[in-house]
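A.B. asks: Provided herewith is a single structure, encoded as structure tokens, for subsequent inquiry.
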Amino acid sequence: MLPISRDTTPTRLIQRILQIATDKDSLILDSFAGSGTTAHAVLKQNAEDGGNRRFILVEMDANIAQNVTAERVRRVAQGYTNAKGQAVEGLGGGFQFCRLSTEPLFDANGQIRSDVSFAQLAEFVWFAETGTGYTGQADSPLLGVHEGRAIYLLYNGILKDKSVAGGNVLTGAVLDVLPPFAGPKVIYAAACRLGGARLAREGITFKQTPYALQV
């Protein structure tokens with residue numbers, strides 16, 4: 001990993017540093033992303049030498065991160081029209097835009113904080129399972145399907161269950177009301193009351209929260 005943190009450095013200089021200090025599979029970190037110069041240089045160098053370098057950009061200002069950093073990288077990758085009205089071909093590649101929570105999801109004892117919403121935990125579960133940013137609506141226990149697996153989360157009354165467990169325990173009755181999927185299923189819940197034979201028959205991999213989520 002090559003750390004870079006100077007946003008004012010010209011793209012061509014960053015690219016030269018990449019040529020000297022990285023190989024084609026390096027991971028480059030820019031902890032002060034600013035306008036996205038580092039990502040621009042990485043994509044340009046990959047385009048020139050066929051590399052598969054990846055980058056992690058960190059930007060504290062939410063407005064800059066979304067409207068400046070991400071927008072520049074998106075245009076560089078996909079192509080854009082410059083100030084002279086000329087079409088500039090994209091360099092290829094892409095990126096994921098992720099937001100970090102302002103507070104940790106877990107308390108000092110490793111339990112999920114009581115004020116964590118379903119949407120917040122859904123984003124964490126989806127990323128843990130897929131390595132991608134979550135783009136769903138987070139209004140259903142079925143978060144989505146990724147590479148042939150349906151990913152479910154039972155948490156915080158998503159099933160409108162008013163019981164003590166709030167529908168967060170995987171039981172036969174709960175399974176019957178989950179959105180169906182004819183294939184492998186990963187289900188996150190506080191506990192499971194189904195036996196191993198039933199889980200195998202239904203193609204379910206059960207993961208207990210919060211323990212399966214701690215990193």
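A.B. asks: Looking only at the range 175-215, filter to residues that are of a type in the set (D, E, K, R) and more than 27 Å from the chain's Cα centre (by Cα); which one of those is nearest to residue 150 (Cα to Cα)? Step through it out loud before you land on a result.
C.D. replies: The first filter runs over the range 175-215 and keeps only residues of a type in the set (D, E, K, R), leaving 176, 185, 193, 198, 201-202, 207.
After this cut, where a residue has to be more than 27 Å from the chain's Cα centre (by Cα) as well, the list is 176, 193, 198, 201-202.
Working: 176: 15, 193: 20, 198: 17, 201: 15, 202: 12 Å.
Looking at residues that are of a type in the set (D, E, K, R) and more than 27 Å from the chain's Cα centre (by Cα), I get 202.
A.B. asks: Against the condition without any contact (Cβ under 8 Å) to a residue 60 or more places away in the chain, within 21 Å of residue 151 (Cα to Cα) and charged (D, E, K, R), how does residue 103 come out, does it pass?
C.D. replies: Taking the combined requirement at face value, the residue does not satisfy it.
A.B. asks: Continuing with this model, one more query. Any chance the range 90-103 includes a residue that's loosely packed, with under 12 Cβ neighbours inside 10 Å and over 15 Å from the mean Cα position of the chain (by Cα)?
C.D. replies: yes
A.B. asks: Given (1) touching a Ser or Thr at 6+ places or on another chain (Cβ under 8 Å); (2) modelled with pLDDT under 90; (3) surrounded by fewer than 16 Cβ atoms within 10 Å (Cβ to Cβ), identify the lone condition not met by residue 31.
C.D. replies: That leaves (2) as the condition not met.
A.B. asks: Restricted to the range 70-97, and to residues that are in contact with a helix residue (DSSP H, G or I) (Cβ under 8 Å, 6 or more places away or on another chain) and in a helix (DSSP H, G or I), which residue is nearest to residue 123 (Cα to Cα)?
C.D. replies: 73
A.B. asks: Tell me yes or no: at least one residue of the range 157-169 is buried (at least 16 other Cβ atoms within 10 Å of the Cβ) and touching a strand residue (DSSP E or B) at 6+ places or on another chain (Cβ under 6 Å).
C.D. replies: Scanning the range 157-169, I find at least one residue that is buried (at least 16 other Cβ atoms within 10 Å of the Cβ) and touching a strand residue (DSSP E or B) at 6+ places or on another chain (Cβ under 6 Å), so the answer is yes.
A.B. asks: Residues of the range 100-115 being hydroxyl-bearing (Ser, Thr, Tyr) and at pLDDT 80 or above, which ones?
C.D. replies: If we filter the range 100-115 for residues that are hydroxyl-bearing (Ser, Thr, Tyr), which is where we start, we get 101-102, 114.
Correct list: 114 only.
The values are calculated or read from the model by the stated rules, or taken from the named source; none is laboratory data. All values reported here derive from a predicted model rather than from experimental measurement. In this analysis, Cβ positions are derived from the backbone assuming ideal geometry, glycine residues included, and neighbour counts consider all displayed protein chains.
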